[in-house]
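As structure tokens, the structure follows; a few thoughts come after it.
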Amino acid sequence: WRGGEEYFHLNITPMIINGVIYSVNNKGVVYALNENSFKQIIWKNKKLKKELNSFVTSKGGFAFADNIVYLTIGSNKLYAFNAETGEFLWEKAVGDVTRSVPHIKDDKIFVTTINNQIYALDKENGNILWLSSATPKIAGIYGIGSVSSGAKDIIIVPYSSGELYGINSKIGNV
């Protein structure tokens, strides 16, 4: 089937939570769609329309926690939307392009950048809590992967350099 009010050219994998499909098209429109009837739009937000005029979406993804949808689209920003209404809540710029899916652990959301940095942000307001860096690389593995949770306070961070770090999620040290 094909749905929505227009054909979706997707560059980011949609996310399904509680019967709702969250998606963003290549025109910068973020959608929440009914999982059972893809043509039924729950909400849409055009906040990213101007953002996508300046570059082509390349990697990124969705995350969900506490009724907030988080999104990276291959820019240098993390976006937050109310999951029920689509209201834009906040955006936060980080040092460079983010190509990974955001990762949530406890009260933080983590994003990695193409210059081998990981940012820990407060998931409520986007404030940067800490930053950790790996070996900078001029060339690396494209879209290496996303952060995942390890034991206790550890997050596992794959970098484009091919390095894999275990980082303390509370304070950002290796």
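The values are calculated or read from the model by the stated rules, or taken from the named source; none is laboratory data. All of these numbers come straight from a predicted model, not from anything done at the bench. No Cβ is skipped: glycine too gets one built from the backbone with ideal geometry, and neighbour counts run over all protein chains shown. Just so you know, the surface numbers come from the protein's heavy atoms only, side chains and all, with ligands and any DNA or RNA stripped out. Shrake-Rupley method; radii C 1.70, N 1.55, O 1.52, S 1.80 Å.
What to note about this one:
- Here the accessible area of segment 41-117 is 45 percent carbon and sulfur, with a 1.4 angstrom probe and all protein chains present.
- Zone residues, segment 146-172, relative to Trp130, backbone N less than 17 Å from point 7 Å out along Cα-to-Cβ: 147-158, 165-172
- Distance between segment 153-173 and segment 61-77 - C-alpha centres, whole angstrom: 19
- Under-5 Å amide H pairs with Val94, H placed in peptide plane, nonlocal only: Lys77, Leu78
- Gain in span if fully extended, Asp66 to Val174, counting 0.36 nm per residue against the direct Cα distance: 36.1 nm
- Interchain or long-range residues, amide H under 5 Å from Phe64's placed H: Tyr70
- Cβ-Cβ FRET estimate between Glu84 and Lys50, R0 fixed at 22 Å, reported to 0.05: 0.35
- Filtered trypsin sites (Lys or Arg not before Pro), segment 23-99: DSSP coil and at most 14 other beta carbons within 10 Å: Lys27, Lys39, Lys46
- Distances between placed amide hydrogens fall under 5 Å for Lys59 paired with no residue 5 or more residues away or on another chain.
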